[in-house]
Amino acid sequence: MKKILFLMAVVVFNVAAFAQGAKIEFKNSDNTIDYGRVEKGSDNGIRVFEFTNTGDAPLIITNVQSTCGCTIPTKPKEPIMPGKTGKIEVKYNMGLGPIRKTITVESNATNYEGGRVALKIKGEVFEKEIVNFMEKKKDLPANGN
């Protein structure tokens, strides 16, 4: 009887060890998209995080949320089958200043603790300097003649 229970425990352990489940792997190895320096009004603020389900079960993205209302993420509506790719679209409002935002993805992925993975966007939005050619330059040295 003890041998049968031991054998069953070994079988259950081995089956659990080989069962992968869904796994999410993002195209960007550091899970970050860098907007770089962007002039205000020259960019729509939309970027895409691409990922692949490298597991052996359908990947279900249950929730995607941002740290603020200036960043709007959109999650896939359907499960991502093993070996297939998916996208999480992020739209930043392109307000002036530095971009440092985190988007949290919740899923059934087994390769991240609790199925949660943090995505990041970074960069800077700047205002184009307006040059007025009619204005006198104050920083030019005076002509000594």
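The table below lists the values:
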quantity	calculated
The listed residue being of a type in the set (Phe, Trp, Tyr), within 17 Å of VAL64 (Cα to Cα) and either exposed (fewer than 15 other Cβ atoms within 10 Å of the Cβ) or at pLDDT below 95 (or both), out of TYR92, TYR112	TYR112
Test: residue in region 56-73 that is among the hydroxyl-bearing types (Ser, Thr, Tyr), within 18 Å of the chain's Cα centre (by Cα) and closer than 17 Å to VAL125 by Cα	yes
Filter result for VAL105 (in contact with a helix residue (DSSP H, G or I) (Cβ under 9 Å, 6 or more places away or on another chain) and among the β-branched types (Val, Ile, Thr))	yes
Region 95-105, residues that are of a type outside the set (A, V, I, L, M) and surrounded by 14 or more Cβ atoms within 10 Å (Cβ to Cβ)	LYS101, THR102, THR104
Scan of region 48-76 for residues that are within 30 Å of GLN20 (Cα to Cα), touching a residue at least 24 places away in the same chain (Cβ under 8 Å), in a strand (DSSP E or B) and not aliphatic (A, V, I, L, M), ordered by number	PHE49, GLU50, PHE51, THR52, ASN53, THR62, ASN63, GLN65, SER66, PRO73
Qualifying residue in region 27-46 (condition: at pLDDT 95 or above, crowded, with 16+ Cβ neighbours inside 10 Å and in contact with a helix residue (DSSP H, G or I) (Cβ under 8 Å, 6 or more places away or on another chain))	no
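The values are calculated or read from the model by the stated rules, or taken from the named source; none is laboratory data. Note that the coordinates shown come from a computational prediction; the quantities given were computed from them, not determined experimentally. A quick note on method: Cβ atoms are made from the backbone with ideal geometry, for glycine too, and the neighbour counts reach across all protein chains shown.
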